[in-house]
Amino acid sequence: MISKQNTEPLPIRKSTQPLYTAVVSPSLIHNLIPPTKSIVIVEKNKSNFTATRNYSIGTTTKPKPIKQPKQPLPIRKEYCPNSNWFLSTEPENETTIVTAYFNIGSFIKGSTIKFTPDRYLKWMTSFQYLNNPLVVYVDEQKMADVFKNLRKHLMNITRIFVLDRKYMWSFGLKNRIKQIYSSESYPKFHPNTVVPEYSCAQHAKYECLQKAISKDYFSTPYFSWLDIGYFRDIVGCKKDFKIVLPDAFNKNKISFTQVREFNPNITLSSIFLKNSLWVGGGMTIASKEVAKKFIRTYKNFVEILLEQSLMNTDQQVIYAIYSEAGRALLKPTVEIQLHRSNDWFYLGFLCHRSYNKSVILPKSSAVLSYTTSTFQPSLPSYSSLFPPLPSQTSSG
C-alpha cells in the first residue's frame, strides 16, 4: 500500500494534486493507484545514472522521461563513438603528462576498500595507450621496468626516473606528519590522516610536477598532473588517446575538478579535522608559468599548516589556500579554473580524446562498454613479477 507523504514536495515538479512517492514497475501502476493521482518513479538506467520520471495515471501511453540538464557529462564506462571524444586526426602534443607511483604498501581507503600494489599495477596499464609526452617518477627500479614495458613503443616521448625518497621534500615531511597523526585526538580518516606516507605521496605530486616543468623534456607549453589510477574506469579500453586542453580553458588559471561546494568562510581546522573537500586532486592542467606559481604557493602553505599541527591530503591543502583564512596567511598568485561536477574524474574525461580511426565505429554501431571487472591485464600480476611487499612501508 502506498501512503500519502507529509514531507516537502520533490523539486522535480510542482503539482496541485496530492503527491505520492514510490518505487514501482510502470506495468503495475494501474492496479495500484486510482486514475486521478500521480506518482514519481525513480529508476536506475543502464549507465548507472538515476532517472526520475513522473507518470500520469489513467493512460496507456508510454511515459516520457523528464528532460535532464544539458550540461555535458564525461564518458566513463561507456564511449559514444560519434561524440567529440573521438577525433579523426591526431591532436598536437601541447601537454606533457606527469605521473608517479610511490610504493607505500597496501592501505585501507574509506572504511573497507583495500588499495594494493596489484590494484595500481592494473590501473596504470592505461598509460600504454596515452600518446602524450609522459614523465614518470617511481621509487623502485622494478616499477620503472614495468613502465618501460608499457611504454616500449613510445619511448621517444617517455622519460622514467627512479627517485630516492630520502632526498625528496614531500617524504621529508613524514616525521612531522606522523607526529600530528599520532595524537589520539586527531580525527582518523583512512588513509588521509592515518598513513603519513600517503599524505607524503599526495604532496609529492606537486614536487614531481615541479621537477618535470624545470626540465621541460619535450618543450610543451602546458603540463598536467595525472594520478596513476585516474583512468581506472576505462582500463580495458585499448584505444590510443591524448590529453588536450579542455574547452574554454583559461591560460591564466590552473584547472581542477570541483567536487563539493566551496565555503569561503570555513576555518582551516574544519577543513583538516573534518576531511572537508572542494576540488579533486587526481588531475590538474596549466601552463608552465601558472603551474610553477601554484606549486610555490602550495609548498609554502604546507609548511604553514605543519606549524599549526594541521595536515591531511593535497585536496585539503588546496581548499585551505583559497579559503578566506588561507588567503589571509598567504595570498595565492594563481586562481583556480573550476570544472564543476560530482564526478571525481570529470576534468580528465573533458580532456580525453581518442583518435585511432581503425576503431571508430559508424553511427549505426552500438556503444561499446568497458568495465574494470571484465578487463584481463596483459601484464602478469605485480606479485608474480616481484617478491611480496610488506603491508606498510617502514622507510620514509
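None of the figures in this text is laboratory data; all of them are computed from the coordinates on show. In this text the structure is predicted, and so the values were computed from the model without any measurement. Here the Cβ positions follow ideal geometry from the backbone for every residue, glycine too, while neighbour counts run over all protein chains shown.
Observations on the model:
- Summed residue charge, Cβ within 15 Å of residue 136's Cβ, Lys/Arg positive, Asp/Glu negative: +3
- Prolate/oblate/rounded label for the range 304-348 (Cα gyration tensor, a/c 1.5): oblate
- Near-label residues of the range 163-186 by backbone N, under 17 Å of a point 7 Å along Cα→Cβ of residue 145: 163
- Estimated vicinal HN-Hα couplings, Hz - the range 101-111 in sequence order (Karplus 6.51, -1.76, 1.60; Gly, Pro = x): 9, 10, 6, 10, x, 8, 8, 8, 10, x, 9
- Distance in nm between pseudo-label sites at residue 112 and residue 167 (7 Å out along the Cβ direction from Cα): 4.4
- Highest-first arrangement of 250-262, 281-293, where packing means the average Cβ count within 10 Å: 281-293, 250-262
- Across the range 226-239, coupling constants 3J(HN,Hα) worked out from phi with the 6.51/-1.76/1.60 Karplus curve, θ = phi - 60°, read 9, 4, 4, x, 4, 9, 4, 6, 10, 5, x, 7, 9, 10 Hz, and Gly and Pro carry x.
- Measuring r between the beta carbons of residue 152 and residue 216 and using R0 = 22 Å, the FRET efficiency lands at 0.40.
- Here 140, 335, 207, 197 are placed in order of increasing Cβ neighbour count within 10 Å, fewest first, which gives 335, 140, 207, 197.
- In range of the label at residue 267: residues from the range 279-318 whose backbone nitrogen is under 18 Å from the point 7 Å along Cα→Cβ: 305-312, 317
- Expressed to the nearest 5 percent, the antiparallel share of DSSP beta bridges inside the range 78-385 is 45 percent.
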